[in-house]
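Everything on this sheet refers to the single structure shown next.
The values are calculated or read from the model by the stated rules, or taken from the named source; none is laboratory data. Note that this is a predicted model, so its numbers are computed, not measured. Every residue, glycine as well, gets a Cβ built from its backbone with ideal geometry; the counts of neighbours run over all protein chains shown.
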Amino acid sequence: MRRTIRHIPLLGTALAPAAAQAQGENRPMWYLETFGSPGNEITPILWGLLWLAIGVVVIIAALVLAGVFLKTQRGVDMRRDQEAVSPPHDHSALRWMYGGLFATLAALSVFVVWTMMTMADIRQPDGEAPITIAITGHQWWWQVTYLSEDESRIFETANEIHVPVGVPVKFRLTSADVIHSFWVPAIASKTDLIPGQENTAWFRADTPGVYRGQCAEYCGKQHANMALRVVAESPEDFDAWWDMQLEPVEMPETEVAKMGMELFRLNCAACHNIRGAMAGGEMGPDLSHLMERTTLASGMLPNTPGHLSGWIANPDVIKPGTLMPRTDLSGPELDAIRAFLLTLDQGA
Amino acid sequence: MAETSGTIMDERGNEVLTFGRQGFGSIDGRSNGWWGTMTLLATEAALFVYLLFSYYYMAFHYGRTWLPAELPSFTLSGPSTVILITSSLTAWMGERSVKKDSRGGAVLWLVASLLLGAVFMGIQLKEWSDKPFMIDTDSYGSLYFTVTGFHMAHVAVGLLVLLALTVWTAVGKFDSRRRDPVSIGVIYWHFVDAVWLTVFFTFYVTTHLFQP
Amino acid sequence: MWQHLFWIFAHPWVYIIVLPAMGMVSDALPVFCRQPLVGYTLVVIATITTMILGFGVWVHHMFATGIPFMSLSFFSGASFIITIPSAVSVFAWILTIWYGKPVVKVPFLYFASFIVMFTIGGVSGVMTASVPADFQLHGTYFVVAHIHYVLIGINLFGVLGALYFWFPKMSGRMMSERLGTWAFAFIFGGFNLAFLPMHWTGLMGMPRRVYTYPEGAGWGWVNMTTTVGSFLLAFGILLVLVNVWHGLRRGKPAGDNPWDAPTLEWAVSSPPPPYNFATAPVLASRHPLWEDRLPEGSGRSSLHHGPLLDDGKEAMLTTVLDAEPDLVVKMPDDTLWPFLTTVAMTVFFGALLLHLWTWAAAGLGAILLCMLGWLWPRDDLAQTSKEAHHG
């Protein structure tokens, strides 16, 4: 893959990308500089601990080295030089020990208090979180459901999460198979997705941009390729995006795409859902508005027609172990399906 | 015979260690068997701690719905608990009789413990057969039968130990001075009893105490 | 649930791995410092404390699993506190170097670097003990670096040092100092080249247990360093193996006590005779071989005269803390019962595997009978009332 995070023109909106690009382009998983909460609250203590750690190691290493170099006796024959053995000096030595212990204790106390304060700080978002997103981990993709009190506004998508900037978003996390972990380093810390248990998490993106997330708990063969993308955009763009998602897909117009739709229903619809195209499978990711996403196979491939054909032709070669089967369709049939999928643009 | 008292000198003739006549063989709490049994009991106790931890974890996590519709009743378990406690008492009386060199009394008390233990086992088997669920029905069923099953295995072992001790006591192997095996066996039996109390408290009492 | 059970076992397990290595260092480092360990009692207490606390910190592997706030705080606190006993040991080792007059030999190189490796593994542990920090660090290469410093830094360095230290006692021959120094250089350099940058990989957000990652992640060069380092480390280990092999065949004879060490094992020949000591030695201090040179303890140890136990298999049982003679225990002598029990157990478990229920029942019965025979109270072992009366 050439670049992990690409600048995407979304719904004709240019993202305000300066900061996000700075992190996104070069260090997609970097979390020592964050762009939202609770990451923002965690970073200071992380730096604090890091400096403490470096400080301690430097001091101890210096003490050991100095001790060795200053005190070493050269040319001692351990078998013979009996005078070399010196009696213990526990009385004065222990004073240093108690001093060192006191320093350790003092440093630890500071960090225990700091830890507790940070924990209390990141427990809940400041103020209400108006948006709740349910995420279900699957081997090896993310099922994303935007919840709403108005049932007609609920919809499902996969592997790409859009959130409005500056608004806390709540997550309900669970898993369909094994334990996964939801992690978007540049914005938020991790929370596990555990089958049979619902965990909650929240975050608030402060800077518009595209952030990479990844499964952080080993979940099987393709754990490494279970990425997700968080697109943080202005609340207006976010609302527009949500409205767009609710649109049913546009019926294909060309002959080849129509044929592709039929073939899709026959071969793919058992697992994949496309709203409005009479395909209702639930095993695999929802493919409505597929072309609006920027990657395929949960963040593995950029979403280009070429990669799309490769993926539908033989998924197992690209992502060994994937649960998506090979369909053994002929070349023209694959072309037709691809043509149909390419029409799944931004709705009506 | 071992040299069991004396004085040790170093090379220069200084006195290093003086000690009196030492007892030997297995005496009281200082015998190897006693230490071995104690460490065994610690291990077994840890096993039951893990099992009960699993139970409480599930119970707290899933609440009332996780428990069976019909909570475990005291009808059978109440009397069986009393029986087991009594058997501990009789076993203790048996040990006392050995200490007092009363062979007949010891055998009598030990046989009583044996019988009470057997009755407990019988009641427990009856209770098992009355349960509407099996070990593989749900996680509650698994835990119920695993925990009570492990306890039953300990009861069975305890009964065999008591049986052997009763026979040996009857033929006069033990008296007030050499009675370690009796004490150790009785300690094991007390342990089985104590474990039952925690199991009973967990499965029977807590469910009624904290019923929502 | 399963995670709880796993970590409740696996965290104490880590301490079970590192504590013996720490003990070896506490035992052998002072020999090269020509000075008894500073704060011996404190170190002993610290070791015991570590093990006890070690049973109460397992949840720090599971901070991200949605555990309630209160229990997170508790386990975070416990994980911070466990630093204190480790700090005691580290200070004790450093002070032993400072107050002693170290002689640099291969084991000393390992032990001295061990202290620093221990510290690195320790402070990265402190970082992950902080819940918020762990929310980010958990599951990244930072944790991988941490565990390597703990297991290799603490265990391997301690054990390799101990190998060089006790090899003469085990084999009667010395290992080559020159080859040993080279091996140490490769192991120390390779290990740190491999695993120090790995902290950085983790801080850059690389999740663990991935076989591939996007090219743009910026992790490439650090991982390359790690790869190079691990090959150097492996080469160093190979040198150690060569060193052992060479030592066994061509090593210089070691004599009883090549390091002029103070403890009991160095009083017998190298390798030690099968019976160790002809009579149980009586000790007056922790350093029986340095007693003449240290103003320590009241008496002097007697290594060659001790109580004689000559009536069958017997051993002296002493009191737990003061080691005063307490009881002569009779050890069981040769008997066929354990073997028969084993045969019966083989029948029992084999039958279970093959679903032969009758055989299994027979096996179980046989086991019980064998146990009964094995445990039958015996007069000659003073297990019955009979012996007691005329004994």
**Hits in region C:238-249 (condition: touching a residue at least 40 places away in the same chain (Cβ under 8 Å) and not aliphatic (A, V, I, L, M))** = C:N243, C:H246, C:G247
**Request:** Tally the residues that are surrounded by 16 or more Cβ atoms within 10 Å (Cβ to Cβ) and over 22 Å from B:S77 (Cα atoms), restricting the search to region B:109-140.
**Result:** 3
**Item:** Lone unmet requirement of (1) touching a residue at least 60 places away in the same chain (Cβ under 8 Å); (2) closer than 28 Å to C:V57 by Cβ; (3) surrounded by fewer than 22 Cβ atoms within 10 Å (Cβ to Cβ); (4) not acidic (D, E) for C:G77
**Value:** (1)
**Prompt:** Take the residues of region A:132-164 that are surrounded by fewer than 17 Cβ atoms within 10 Å (Cβ to Cβ) and among the hydrophobic types (A, V, I, L, M, F, W, C): which is farthest from the chain's Cα centre (by Cα)?
**Reply:** A:I154
**Item:** Where A:E83 falls short, out of the listed (1) surrounded by 13 or more Cβ atoms within 10 Å (Cβ to Cβ); (2) within 14 Å of another protein chain (Cβ to nearest Cβ); (3) not hydrophobic (A, V, I, L, M, F, W, C)
**Value:** (1)
**Complete:** Residues in region C:150-175 that are aliphatic (A, V, I, L, M) and under 11 Å from C:M117 (Cβ atoms) total 5
**Asked** Using beta carbons and a limit of 8 Å, which pairs, at least six apart or on different chains, have the first residue in region A:225-249 and of a type in the set (D, E) and at pLDDT 85 or above and the second one in a strand (DSSP E or B) and surrounded by fewer than 16 Cβ atoms within 10 Å (Cβ to Cβ)?
**Response** A:E233/A:T13; A:D237/A:T13
**Request:** Look at region B:41-74 and say how many of its residues are more than 14 Å from every other protein chain (Cβ to nearest Cβ) and either without any contact (Cβ under 8 Å) to a residue 60 or more places away in the chain or not in a helix (DSSP H, G or I) (or both).
**Result:** 7
**Prompt:** Which pairs have Cβ atoms under 8 Å, sit 6 or more apart or on different chains, and link a residue in region C:174-193 that is touching a residue at least 60 places away in the same chain (Cβ under 8 Å) to one that is charged (D, E, K, R) and outside any helix (DSSP H, G or I)?
**Reply:** C:M174/C:K252; C:E177/C:K105
**Fill in**
Of the conditions (1) β-branched (V, I, T); (2) within 8 Å of chain C (Cβ to nearest Cβ); (3) over 31 Å from the mean Cα position of the chain (by Cα); (4) part of a helix (DSSP H, G or I), the single one that A:I42 does not satisfy is (3)
**Complete:** C:E265 passes all but one of the listed conditions (1) of a type in the set (D, E, K, R); (2) more than 14 Å from every other protein chain (Cβ to nearest Cβ); (3) more than 23 Å from the chain's Cα centre (by Cα); the exception is number (3)
**Asked** Can you pull out the residues in region C:44-76 that are within 10 Å of chain A (Cβ to nearest Cβ) and aromatic (F, W, Y)?
**Response** C:F63, C:F69
**Fill in**
Checking B:A118, B:A164, B:A153 in turn, the sole residue that is under 18 Å from B:L89 (Cα atoms) and either assigned to a helix (DSSP H, G or I) or in contact with a Leu (Cβ under 8 Å, 6 or more places away or on another chain) (or both) turns out to be B:A118
**Prompt:** Quick one: which of C:L356, C:L364 is within 26 Å of B:G33 (Cβ to Cβ), free of Cβ contacts under 8 Å to residues at least 24 places away in the same chain, of a type outside the set (S, T, N, Q) and surrounded by 14 or more Cβ atoms within 10 Å (Cβ to Cβ)?
**Reply:** C:L364
**Message:** Residues that are more than 11 Å from chain A (Cβ to nearest Cβ) and within 30 Å of A:V184 (Cβ to Cβ), at least 1 per element: which helices (runs of 4 or more DSSP H) completely within region C:85-183 meet that?
**Reply:** C:141-148
